[in-house]
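Here's the structure, in structure tokens; my notes come after.
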């Protein structure tokens with residue numbers, strides 16, 4: 001399912017197998033409706049969730065009518081953030097069949113737990129995953145050894161990854177106990193939290209994501225359960 005905008009006349013022509021002149025005749029006669037209103041302009045842009053209908057020889061046909069859907073899932077450990085996997089349970093396996101067309105907006109490692117967002121809205125998911133958004137993501141992290149002030153300072157300054165030849169964006173590290181903390185990232189590089197603590201040879205024992213932007217994982221949502229996000233808002 002595409003999320004980009006396209007011209008109304010092009011979309012109608014593709015759906016019906018009509019040539020441009022045939023589509024123009026439908027538009028002129030007011031037989032094409034866009035979001036429940038007759039549309040006469042073929043150059044009108046439509047989006048992923050535009051409702052497009054047409055009347056053909058007395059038959060009413062719906063060409064597109066998609067509703068945006070946003071779901072939060074409490075991902076358990078051992079479940080892979082993928083739609084298909086031959087070896088592991090996937091996050092889609094935890095959802096009912098009517099949600100299996102959703103895609104994942106920001107992944108978690110196999111062993112990590114917590115908030116995972118799924119949607120059919122490509123524009124919304126790009127806001128979550130694109131680095132330019134600088135969307136805050138919150139994690140509760142447990143490590144093997146006590147967290148030092150040097151580690152807190154390094155997170156705040158950014159840590160150099162020699163393999164990519166880059167320095168991570170500044171991150172916040174707030175201690176809960178000597179060996180556990182809240183980590184707030186504004187990027188999501190490969191195994192980033194594990195590698196940042198690995199810089200200090202401090203193995204990560206667990207990672208649990210609690211929040212993405214303004215969306216928090218309620219404590220009432222148990223591991224493996226999901227809930228529809230009723231007010232996703234823009235990030």
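Going through (1) out of contact with any helix residue (DSSP H, G or I) (no Cβ under 8 Å at 6 or more places or on another chain); (2) surrounded by fewer than 19 Cβ atoms within 10 Å (Cβ to Cβ); (3) closer than 30 Å to residue 127 by Cβ one by one, residue 28 falls short only on (3).
When region 201-230 is filtered for residues that are at negative phi, touching a strand residue (DSSP E or B) at 6+ places or on another chain (Cβ under 9 Å) and not in a strand (DSSP E or B), the ones remaining, listed by number, are 202, 203, 217, 218, 220, 221, 222, 223, 225, 229, 230. Selection of region 4-55 for residues being closer than 20 Å to residue 68 by Cα and part of a helix (DSSP H, G or I) yields 8, 11. Do we find that residue 12 is touching a helix residue (DSSP H, G or I) at 6+ places or on another chain (Cβ under 6 Å) and surrounded by 15 or more Cβ atoms within 10 Å (Cβ to Cβ) in this structure? For residue 12, the condition - touching a helix residue (DSSP H, G or I) at 6+ places or on another chain (Cβ under 6 Å) and surrounded by 15 or more Cβ atoms within 10 Å (Cβ to Cβ) - is met. Within region 203-225, the residues that satisfy the criterion of being buried (at least 18 other Cβ atoms within 10 Å of the Cβ) and touching a helix residue (DSSP H, G or I) at 6+ places or on another chain (Cβ under 7 Å) are 204, 207, 212. The criterion of being within 30 Å of residue 225 (Cα to Cα) and in contact (Cβ under 8 Å) with a residue 12 or more places away in the chain does not hold for residue 52. Does any residue of region 111-129 turn out to be modelled with pLDDT of 90 or more and more than 28 Å from residue 185 (Cα to Cα)? No, because not a single residue in region 111-129 is modelled with pLDDT of 90 or more and more than 28 Å from residue 185 (Cα to Cα). Give me a count of the residues in region 170-200 that are in a loop (DSSP other than H, G, I, E, B) and free of Cβ contacts under 8 Å to residues at least 24 places away in the same chain. Within region 170-200, residues that are in a loop (DSSP other than H, G, I, E, B) and free of Cβ contacts under 8 Å to residues at least 24 places away in the same chain number 2.
The values are calculated or read from the model by the stated rules, or taken from the named source; none is laboratory data. Predicted model, so just to flag it, every value in this text is computed and none were measured. Using ideal geometry, Cβ is built from the backbone for each residue, glycine included, and neighbour counts are taken over all protein chains shown.
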